Amino acid sequence: MLWIFILLYVLAQALIAIFVARKIRNQDDYFLAGRRIGPFLATFSIFATWFGAETCISSASRVYESGLSGGRAEPMGYTLCLFIAGLFFAKALWKSNIVTLGDLFKKRYSPTVEKIAVLIMIPSSILWAGAQVRAFGQLVSSFSDISPTVAILLSGCFVILYTSIGGLLGDIITDTVQGFILMIGLFVLLYLAVDGVGGWESVFSRLSATDRLSLIGPNESFLERLDIWMVPILGSLVTQELVSRMLACKNANVARTSTFMAAGMYLLIGLIPVTLGLIGPQLLPSLPQNDQFLPELAATLLHPALLALFAGAILSAILSTVDSTLLTVSAFVTQNLLTNSDPTKSDSAKLRTARICVVASGIAAIGFAVSAEGIYELVYAASSFGTAGIFIIFTMGISGKHGGAFAAGLTAVAGVVLLPIYEYLLDFRAPFVMTILSCLGIYLFVAVLEKRFVLVSRSILIDSPVETLNYE
């Protein structure tokens with residue numbers, strides 16, 4: 001029964017992608033859905049893309065293990081990230097008339113900075129996709145006799161096929177369907193879980209007698225707490241998965257409003273896995289693998305028919321995120337790394353290249369999914385790898401004219417180099433925060449030198465920006 005439902009569900013997603021693919025004529029259609037998405041589809045797409053496997057499976061597992069302190073990144077940190085993106089950046093990004101963040105760095109700084117930034121951002125997206133593929137495989141494995149590794153391989157192959165066909169428009173339409181199924185499935189599981197422990201009054205009375213509602217982890221310093229919050233809030237602001245949804249909206253106001261609405265939905269629905277994790281020890285006192293908490297809880301509480309609904313909900317969360325990450329890598333490669341390789345290439349040839357890049361990035365994501373220790377490790381690596389430097393050059397670039405290509409190039413590279421030094425060699429308590437501050441200092445210092453000594457364009461990093469950004 002469950003296998004039949006899962007098979008029918010994934011086939012339905014593939015059919016939607018095939019149907020939408022008929023409307024794709026060029027890269028703008030493939031990567032930005034023709035820039036014609038309204039508020040309803042945009043809101044659900046941003047929400048569903050953000051609400052991935054780490055929100056459902058990893059967040060619930062960490063709260064199950066550590067209490068509310070395990071839910072600071074998911075959903076609270078990432079909700080704040082969405083709110084900040086809508087408040088400060090959505091309108092400016094839409095008006096900049098770009099396809100990727102790499103385009104913004106090319107316009108604001110230089111083509112060299114564009115390529116440096118893209119080469120830093122690509123691994124982050126592949127790691128994020130790997131987290132979703134691993135969660136997909138764990139879900140299939142928990143509901144069948146297939147080993148986790150084989151399940152990850154099978155799941156990854158389907159995701160590659162499904163994503164390469166439909167492009168962003170296919171993703172947005174399926175995101176909306178998946179968002180509805182996700183909400184229904186999680187609300188059903190929450191109702192049964194709360195009922196299983198005696199109702200809300202029993203939940204509150206039992207939790208108030210413990211320290212599981214504390215947002216502060218045991219033996220945590222202030223700097224460690226700050227770092228835990230800053231990774232999702234600042235590190236995820238510079239993700240193409242979010243930016244592409246903003247750019248696909250039909251106007252700047254829709255981009256901003258949809259991001260705000262998605263943030264509210266994300267917090268509301270994201271609190272369901274957190275609540276399940278809080279009451280989890282009362283329902284499942286001991287588990288050999290915490291990453292399996294949510295699937296095990298569903299298998300324990302749900303009738304087979306409802307279990308199929310829950311499986312569809314988790315699949316929705318996973319698929320709506322992983323397709324976006326694979327498209328992101330493809331957009332970076334085709335739009336920012338290969339765009340000048342053959343100017344005479346036809347639209348159909350460019351689309352073929354984009355789809356090949358989706359396949360290649362999917363294979364890389366499967367490799368990370370198989371070799372990683374857990375979902376959270378992949379998500380943390382994706383949110384922190386190189387993003388400190390990218391965050392600085394993004395915010396400085398979009399908010400003013402201070403600083404040029406040399407400052408941006410050095411800052412982007414510093415973000416990659418400094419984080420592992422602070423975290424592993426110097427053993428700092430807040431390596432991400434220290435990297436952010438260091439990158440800001442480097443950018444401002446070099447920007448002063450650029451202005452004072454008029455660094456000329458003979459350096460490889462200091463080629464002129466292609467055009468001036470216009471946010472009017």
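The values are calculated or read from the model by the stated rules, or taken from the named source; none is laboratory data. Just so it is clear, the model here is predicted, and its values are computed rather than measured. Positions of Cβ are generated from backbone atoms using ideal geometry, with glycine treated the same way; all protein chains shown enter the neighbour counts.
Please find, within segment 400-411, the residue that is nearest to the chain's Cα centre (by Cα) out of those that are surrounded by fewer than 23 Cβ atoms within 10 Å (Cβ to Cβ) and without any contact (Cβ under 8 Å) to a residue 40 or more places away in the chain. Checking each candidate, the answer is Gly400.
Whenever a residue of segment 286-302 is farther than 13 Å from Ala135 by Cβ, its partners that are of a type in the set (Asp, Glu) and at pLDDT 85 or above, lying with C-beta atoms within less than 6 angstrom and at least six residues away or across chains, give the pairs Asn290/Glu65. Within segment 341-349, none of the residues are touching a Phe, Trp or Tyr at 6+ places or on another chain (Cβ under 8 Å) and among the acidic types (Asp, Glu). Scanning segment 45-60 for residues that are β-branched (Val, Ile, Thr) and at pLDDT 75 or above returns Ile46, Thr49, Ile57.
The residue that is farthest from the chain's Cα centre (by Cα), among those in segment 24-83 that are closer than 22 Å to Trp128 by Cβ and aromatic (Phe, Trp, Tyr), is Tyr30. Selection over segment 400-445 of residues that are closer than 17 Å to Thr112 by Cα and part of a helix (DSSP H, G or I) gives a count of 13. Within segment 243-264, the residues that satisfy the criterion of being polar (S, T, N, Q) and under 16 Å from Ile172 (Cα atoms) are Ser244, Ser258, Thr259. The number of residues in segment 171-218 being without any contact (Cβ under 8 Å) to a residue 40 or more places away in the chain and either in contact with a strand residue (DSSP E or B) (Cβ under 8 Å, 6 or more places away or on another chain) or small (Gly, Ala, Ser) (or both) comes to 6. On the given criteria, is Leu161 aliphatic (A, V, I, L, M) and either surrounded by fewer than 19 Cβ atoms within 10 Å (Cβ to Cβ) or not assigned by TED's automatic domain parsing to the domain that holds Ala262 (or both)? Against the criterion (aliphatic (A, V, I, L, M) and either surrounded by fewer than 19 Cβ atoms within 10 Å (Cβ to Cβ) or not assigned by TED's automatic domain parsing to the domain that holds Ala262 (or both)), Leu161 qualifies. Of the numbered criteria (1) more than 21 Å from the chain's Cα centre (by Cα); (2) modelled with pLDDT of 90 or more, the one Thr259 fails is (1). Here are some conditions: (1) surrounded by fewer than 24 Cβ atoms within 10 Å (Cβ to Cβ); (2) of a type in the set (D, E, K, R); (3) under 23 Å from Gly170 (Cα atoms). Arg134 meets all but one. Which one does it not meet? Single failed check for Arg134: (1). Among the candidates Ile146, Ile120, the residue that is of a type in the set (A, V, I, L, M, F, W, C), over 22 Å from Gly280 (Cβ atoms), assigned by TED's automatic domain parsing to the domain that holds Val329 and at pLDDT 80 or above is uniquely Ile120.
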